[in-house]
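Below is one structure; the comments refer to it alone.
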Amino acid sequence: KGIYAHLDSDIRAIGEVLNMSRGGLAFKYMAEFSSAAKHSKLNVFALGGKFFLRDVPVKTVSDTEMPIEIDFSSIRMRRMGLEFENMREDQKAALRELILEKKAN
């Protein structure tokens with residue numbers, strides 16, 4: 001909870017992280033945007049401006065529409081799955097710290 005992803009591609013999608021592992025993550029975002037480019041850069045941060053990861057190369061592995069949570073809502077949400085690619089050692093270390101921090105909570 002409280003962790004967000006910003007995909008820096010043609011759509012510049014931003015949304016809440018749903019799950020994360022050493023290999024990648026999934027996040028939800030507003031569906032008004034078109035599908036993202038296959039390869040992009042990702043930033044992961046918390047509210048208040050604390051960045052955990054910056055400019056991580058990623059590959060889009062899925063981008064699907066999520067079920068509507070509220071019947072009368074016109075906002076459609078999508079779930080995007082991303083695979084981390086060619087991470088630097090400092091990015092890997094930051095990811096490990098974030099996963100361990102969130103497991104402890």
Exercise for the section: First measure r as the distance between the Cβ atoms of K28 and D90, then evaluate 1/(1 + (r/R0)^6) with R0 = 25 Å and state the FRET efficiency to the nearest 0.05. Expected result: 0.35
Problem - Inter-label distance, nm, simple model (7 Å from Cα along the C-beta direction), D55/K41 - result: 0.5 nm
Exercise for the section: Could you name the lysines whose alpha carbon sits less than 16 Å from that of K41, not counting residues in the same chain fewer than 8 places away? Expected result: K59, K92
Fill in the blank from the handout: Note: K1 to N19 extended length (0.36 nm per residue) minus current alpha-carbon separation gives 5.5 nm
Handout entry: Packing rank of 40-47, 77-84, where each peptide gets the mean count of other beta carbons within 10 Å, highest leading
Key = 77-84, 40-47
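Bear in mind that the values in this text are calculations on the coordinates, not laboratory data. In this text the structure is predicted, and so the values were computed from the model without any measurement. Don't worry about glycine lacking a Cβ; one is built from the backbone with ideal geometry, like all the others, and counts go over all protein chains shown.
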